[in-house]
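The values are calculated or read from the model by the stated rules, or taken from the named source; none is laboratory data. Since the model is a prediction, treat every value here as computed from it, not as a measurement. Ideal geometry is used to build each Cβ from the backbone, glycine not excepted, and the neighbour counts take in all protein chains shown.
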Amino acid sequence: MKIAGVDEAGRGPLVGAVVAAAVILDPARPIEGLNDSKKLTEKKREKLFVEIQEKALAWYIAEASATEIDEINILQASLLAMRRAVEGLSIQPDKVLVDGNKEPAGLQMSCEAIVGGDALYQEISAASILAKVARDRQMVLLDQRYPHYGFAKHKGYPTKAHFEAIGIHGVIDEHRRSYAPVKKVLALLNE
């Protein structure tokens with residue numbers, strides 16, 4: 001039975017897409033050190049990112065944009081990104097294991113949501129790592145376009161430095177306008 005693990009990264013940030021990954025591991029090519037991406041160092045995640053892509057039977061990274069997040073809310077956008085990741089796999093799985101308590105709608109195979117699944121199932125751990133590294137890399141690229149915001153450092157999360165940068169430089173197109181702190185700044189600018 002081919003099992004795909006699915007996870008997302010980037011629900012909490014104020015900027016950018018929410019990124020999801022789906023992974024079908026190859027039992028004949030085990031990967032040492034898989035764990036919840038938040039429990040791994042950046043260096044270890046980067047190393048595993050490459051190894052997962054080399055050894056997995058199939059993997060796919062998808063996203064839902066900041067605009068989509070604003071239109072349908074972060075939960076629905078996360079589920080949409082997860083569905084896109086599963087649908088993008090070159091091999092269709094028999095079953096999908098999703099980290100969290102909700103399953104993406106519209107999948108054509110058996111699906112199970114598992115709270116804390118990224119620490120329990122290697123398939124979900126692998127997806128967690130791909131999603132986190134891909135999203136972090138997007139933030140590094142965004143930082144190159146908008147260096148005053150510090151995206152490479154805080155990855156778009158609502159930190160003091162990020163709030164200060166928004167206060168000084170305003171909101172960029174990639175900010176999630178439906179998020180309260182961004183909405184507040186936009187309201188002040190429109191007064």
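Some points to look at:
- Total residues in the range 64-79, condition within 16 Å of GLY5 (Cα to Cα) and either out of contact with any Pro (no Cβ under 8 Å at 6 or more places or on another chain) or among the aromatic types (Phe, Trp, Tyr) (or both): 1
- Residue match in the range 116-134 (condition: within 15 Å of the chain's Cα centre (by Cα) and surrounded by fewer than 21 Cβ atoms within 10 Å (Cβ to Cβ)): yes
- Qualifying residues in the range 110-124 (those that are touching a Lys or Arg at 6+ places or on another chain (Cβ under 9 Å) and modelled with pLDDT of 95 or more) - the one nearest to THR41 (Cα to Cα): ALA113
- Test: residue in the range 169-178 that is aliphatic (A, V, I, L, M) and either assigned to a helix (DSSP H, G or I) or under 30 Å from LYS2 (Cα atoms) (or both): no
- Some residue of the range 89-98 being of a type outside the set (A, V, I, L, M), buried (at least 23 other Cβ atoms within 10 Å of the Cβ), more than 17 Å from the chain's Cα centre (by Cα) and farther than 16 Å from ARG176 by Cα: yes
- Complete set of residues in the range 51-79 that are within 14 Å of GLU123 (Cβ to Cβ) and either crowded, with 24+ Cβ neighbours inside 10 Å or of a type outside the set (Ser, Thr, Tyr) (or both): ILE52, LYS55, ALA56, LEU57, ALA58, TRP59
- For LYS153: the one exception among (1) under 28 Å from VAL171 (Cα atoms); (2) surrounded by 15 or more Cβ atoms within 10 Å (Cβ to Cβ); (3) in contact with a helix residue (DSSP H, G or I) (Cβ under 8 Å, 6 or more places away or on another chain); (4) of a type outside the set (A, V, I, L, M, F, W, C): (2)
- Filtered residues of the range 139-175 (kept if free of Cβ contacts under 8 Å to residues at least 12 places away in the same chain and of a type in the set (Ser, Thr, Tyr)): THR159
- From the list ARG177, ARG145, ARG137, the lone residue that is more than 28 Å from ARG83 (Cα to Cα) and surrounded by fewer than 19 Cβ atoms within 10 Å (Cβ to Cβ) is ARG145.
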